[in-house]
Amino acid sequence: MFFGATAIALNSAFIAASVFFYCVIALSFVVRVSVEWRVKLSAGARQWVLWTVVLIPWLVALSVTTIVLKPDFVAAMPTWFRALSHWHHIYVFNIYSWHSLLVLLFVGISLNSLIRHARQFLSHRAALDKLLSLDAFVKGENLGSTVIYAVTAGFLRPKVFISPALQAKLTDTENDIVSRHEFAHQKRLDSLRKLCFSFLTSFYLPFISNRLRREFSLCLELAADDYAAAGGWGGSSVASTVIKLCRLSRDQHYFASPLPCHFYASEIEERVRYQLRPERGRGFPLSLFTVLLAMLLASCLLSVDSYHHAVEAIFSH
């Protein structure tokens, strides 16, 4: 049994973890039912939607925990609000209760994700070293090499790699499209964004987190394609370049790390369809995001203590 400041800290962790997992479950349902709606958004808007999905659980958990544990705020609220949101034993925490299991689950998932993404970081660095050595080999020793690649790798100072073998097979327009596409990845630090996003998705169930990561990677490619198209060549030229590189790179080796941004290692059909769409996709639905955030915040804030006592009625601690 813990008392005082230690109990407050552990109770805070429990409240945050329970709210966090509740939001993850609710948003998993939203992700499943909104697939067709998300496709109608622009690449930038889809990225914002995906970021909100992975960030809302953290934002709501922090907000609810802060409000519940702030006596001055709760005391200023109406009686019905205090009855629903008041935490009855904030200064006591039983380490052998089911509260500890939820906190340990969150800590375990966090540590596992940190270790897994540290390995991905090291794998990415190894892939970058391989790209650097391969790039030097192709440019310095074997200009006739048939190795084809167009990829951006690195985190804070990413580098663009486009092989001479690929450049020789493309027209000036196609080379400019590929260069602008990869420059967009470099400018926006997309490999670093993929790493951060992947970490945040790891708190979802695998079938949801995999879907989110694939969709985010596709959105990065769509946004880079848009940047290339904005150079004056248009969506049809970008689409034809994507198809051509897919054909040229069919038998090429893909680097093991999932974090580099390959021009051709993404959903080709989706990218072509996106560039040939008759109209620009919809913008980010700010009003819908605000309503969703408010609903989750209100439902968590008004039910966190009630849910806690309902569970205790079944599993006594």
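The values are calculated or read from the model by the stated rules, or taken from the named source; none is laboratory data. The model shown is predicted, which means the values in this text are computed figures rather than measured ones. Counting neighbours? That spans all protein chains shown, and the Cβs are built from the backbone with ideal geometry, glycine included. The accessibility values were calculated without ligands, DNA or RNA, using every heavy atom of the protein model including side chains. Shrake-Rupley method; radii C 1.70, N 1.55, O 1.52, S 1.80 Å.
Residues that are more than 12 Å from His185 (Cα to Cα) and either among the basic types (Lys, Arg) or at pLDDT below 75 (or both) within the range 142-162 comprise Asn142, Leu143, Gly144, Ser145, Thr146, Val147, listed in sequence order. Considering Leu134, Leu128, the condition of being modelled with pLDDT of 75 or more and on the phi < 0 side of the Ramachandran plot is satisfied by Leu128 alone. Within the range 151-184, how many residues are crowded, with 17+ Cβ neighbours inside 10 Å and more than 26 Å from the chain's Cα centre (by Cα)? Residues that pass the stated criteria total 9. Of all residues in the range 243-264, those satisfying the criterion of being at pLDDT below 75 and in contact with a helix residue (DSSP H, G or I) (Cβ under 9 Å, 6 or more places away or on another chain) are Ser249, Phe255, Ala256, Ser257, Pro258, Leu259, Pro260, Cys261, His262, Phe263, Tyr264. Residue count for the range 38-67, restricted to those that are assigned to a helix (DSSP H, G or I), among the basic types (Lys, Arg) and open to solvent by 10 Å² or more (accessible area, probe 1.4 Å): 1. Cβ-Cβ contacts under 9 Å between residues 6 or more apart (or on different chains), taken from a first residue in the range 116-132 that is farther than 20 Å from Val147 by Cβ and hydrophobic (A, V, I, L, M, F, W, C) to a second residue that is part of a helix (DSSP H, G or I) and open to solvent by less than 90 Å² (accessible area, probe 1.4 Å), are listed as Phe121/Leu195. Scanning the range 205-217 for residues that are open to solvent by less than 20 Å² (accessible area, probe 1.4 Å) and within 11 Å of the chain's Cα centre (by Cα), which turns out farthest from Ser42 (Cα to Cα)? Out of the qualifying residues, it is Ser209.
Kindly provide the set of residues from the range 9-37 that are surrounded by fewer than 16 Cβ atoms within 10 Å (Cβ to Cβ) and among the small types (Gly, Ala, Ser), ordered by number. Within the range 9-37, Ala9, Ser34 meet the criteria.
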